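Notes follow the structure.
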Amino acid sequence: MKKIALIWAFLMIGFYTFADNPAIVKIKTSAVCSMCKERIEKKLAFTKGVKDVNLNLEDKVVTVTYNAKKTSVDALKKVIAETGYDADDVQKDETSHSKLPSCCQKSSTGMKH
Ligand SMILES: [Cu+2]
């Protein structure tokens, strides 16, 4: 009976791994400070299909663990852009960006005032 239980356990783990289909993506953002970090992380955390999010302010790269069945890299980038930040090749939404506190508006590509 023990063997059957073990095989069953492995089958279940396999099933859940497949059903969950978790994926990890690293996206370069234009975050400036810890406020930006919090803003982007919060926005992504409430996005459908996102399981875990962590932005590293040193390289401005946000690491997102997500369910590939529920969302996509493009959708995640769009959320970041809508928050007012660049996401890899996706340009920030200028309206959202202009509403950010001024300290958060300095883009990584240079001064824009
Ligand atoms: Cu900021």
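Fewest first, what order do 72, 98, 30 take by the number of other Cβ atoms within 10 Å?
So the residues, fewest neighbours to most, are 98, 72, 30.
Of the residues 70, 37, the one with the fewest other Cβ atoms within 10 Å heads the list, and the complete ranking is 70, 37. Extension gain for the segment residue 89 to residue 21, taken as residue separation times 0.36 nm less the Cα-Cα distance, is 22.0 nm to one decimal. For the chain, the mean residue ellipticity at 222 nm estimated from helices alone is -13000 deg cm²/dmol, where every DSSP H run of n ≥ 4 contributes -39500 (n - 2.57) and the total is divided by all residues, rounded to the nearest 500. The alpha-carbon of residue 43 sits under 18 angstrom from the alpha-carbons of these aspartates and glutamates, leaving out residues fewer than 8 places away in its chain: 52, 74, 82, 86, 88, 93, 94. Working from label points 7 Å from Cα in the Cα-to-Cβ sense, the residue 46 to residue 82 distance is 1.1 nm.
Multiplying the residue separation of residue 56 and residue 34 by 0.36 nm and removing their Cα-Cα distance gives an extension gain of 7.0 nm. Pairs exceeding 27 Å between alpha-carbon atoms, taken from 26/69; 69/99; 3/51; 3/69; 28/51; 42/70: 69/99; 3/51; 3/69. The Cα atoms of the range 21-104 define a convex hull whose projected area, averaged across directions, is 4.7 nm². Couplings for the range 72-86, taken from phi via the Karplus curve 6.51 cos²θ - 1.76 cosθ + 1.60 with θ = phi - 60°, read 9, 4, 4, 5, 5, 4, 5, 4, 5, 4, 5, 6, x, 10, 5 Hz in order; Gly and Pro are left as x.
Within the listed set 58, 38, 94, the residue fluctuating most in the Gaussian network model of the chain (springs between alpha-carbon atoms under 10 angstrom) is 58.
Of 12, 35, the sequence from fewest to most neighbouring Cβ atoms within 10 angstrom is 12, 35.
Each reported figure results from applying straightforward, stated rules to the coordinates on display, with no laboratory input. Quantities reported herein were computed from a predicted structural model and do not represent experimental measurements. For neighbour counting, all protein chains shown are included, and Cβ atoms are generated from backbone atoms with ideal geometry for every residue, glycine included.
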